[in-house]
Structure formats: C-alpha cells, structure tokens
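Notes to accompany the following structure.
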Amino acid sequence: MTQYDTLDDILNARYSCRGFRPDPVPDDTITRIIDAARKVPSWCNAQPWQVTLTKGAATQSFRQMMTQLASTGTTPAPDLAWPSSYSGAYADRRRTCGFQLYDAVGIEKSDRAGRAAQMLRNYALFDAPHVAIIHSPAELGPYGAMDTGGFVTAFTLAATALGVATIAQAAIAAYAPQVRDHLGIAPDRLILCAISFGYADADHPANQFRTERASAADIIDWKV
C-alpha cells in the first residue's frame, strides 16, 4: 500500500461524529494527535493555531455553559462574520446534510421542535468527553484563520488514524466572548471553532449516515 492509499483510507474513514461514548481519551493519545497536526504548513511558518483542551469536569462545565447560552436566545457574537448566504450547490449540500441527519435520528422535516432540539446537541458537544477550542491571533486576521483551518483538518485526520472520532463545530464560535471568558483565553485571540472528540458510539443513530463529496471533475477548472 502506498502512502497515498493510506492517506486516502484515512480521509474516507473520517466523518463528523454526532454521538460519543463517555470514555476519556488518554492524554498521550491527545498529545500524539496534536503532535501530528502541528506539522501542517502556514504562511511564513507563523503557526498561528493554539488549542484550549477540556477533559472531565471542565468539559461538563463548558457543555452546560454553551447549552444555556444557546437555549436562552443569547445574541450570537462571532469573531468572524458568518457566511452571508448559501446559494446553488452550497445550499444544496447544506440542505442535504441536514435532511440526512434528521432522517437518521427520526425527525420529520416538519418537526420544528425536534429540529431545534437536535440543533442544541451541537452545544452539548454531542456528549463528547473532550472539546478542543481552536483559536488564532486577531492580528493575523483571515490568513491566520485560513492557516488554522489546515490544523483543524490535520487534527481530525490524525485522530481518525488513532481511532478517535471528531466533529469540527463552527457553532461554538457564535459565542466567542463567552468562550474566551469561560476558558480564560486572551482577548487578542479569534475563536474559530471547536473540535469535540472522543470514542464514537457506533450504534448512535446520528452516526449512521455519511455525506457525499463533489468529484474531482466538479472542483478542477483546467487551463491549457
């Protein structure tokens, strides 16, 4: 098997886990994940990513805080503006992913209360035993955020290679000021996303579907 084949197998195995077992991931396994992810490229080798990690009581405290914020209608205040819209293929993919999730967990499309309850599962971290808050320096702006996106991808792939399930969650960034305050993150850091992680509950209904991917032909615009 070539290195390409190995990488492709890991990419195919990775998915967004939405149901976790309570078992904690050993500290040395978490360190190995980050030790691999830190090797991704960045502009001028700035390596802007930093990770604030929770386990045990800290995860539970953060979970409770985030669920409270989301369920009481606290006004979102993300550090980076949300997408202004989703159109065309982007809207189709977003909609299809949502419907796949609702179908998997048995929520009818017309069930607004059920859909709202499922949305709150984001803020409960899908019961994951750990969450990694990913942040970058405000002074590096969108380019620091772009570099950090590479770190997020590498984190999820390294975790998959070690049998650890993940889900990257932009939803957490909606409450950036509260996240910083709760976890003692400096005010000059942009809260970009969270990665909830742990060991997958293989029998959880939300883990029974996989999203489709655009083909290479859909992505490439050859110029000759």
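Listing for the model above:
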| item | result |
| --- | --- |
| Mean projected area in nm² (Cα convex hull; one quarter of hull surface) for the range 156-224 | 8.4 |
| Centroid-to-centroid separation of the range 153-224 and the range 33-57 [C-alpha atoms, Å] | 13 |
| Point-charge dipole on Cβ atoms (K/R +1, D/E -1) for the chain, about Cα centre, debye to 20 | 360 |
| Cα-Cα pairs of the range 99-221 separated by more than 18 Å (percent) | 63 |
| Kirkwood hydrodynamic radius of the chain, Cα pairs, Å | 18.7 |
| Charge context of residue 115, other residues only, Cβ under 10 angstrom, K/R +1, D/E -1 | 0 |
| Under 29 Å from residue 55, Cα to Cα: lysines that are on another chain or at least 8 residues apart | 39 |
| Per principal axis, descending, Cα span of the range 85-137 in whole Å | 37, 27, 16 |
| Percentage relative contact order, the range 87-224, counting C-alpha pairs under 8 Å, at least six apart | 30 |
| Nearest-0.05 FRET efficiency for residue 6 and residue 99, computed from C-beta distance (R0 25 Å) | 0.15 |
| Charge dipole magnitude, Cβ of K and R +1, D and E -1 - the range 107-224, Cα centre, debye nearest 20 | 140 |
| Span per principal axis, largest first, for the Cα atoms of the range 30-85 (Å) | 41, 36, 16 |
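Bear in mind that the values in this text are calculations on the coordinates, not laboratory data. Everything quoted here is computed from the prediction, not taken from an experiment. Counting neighbours? That spans all protein chains shown, and the Cβs are built from the backbone with ideal geometry, glycine included.
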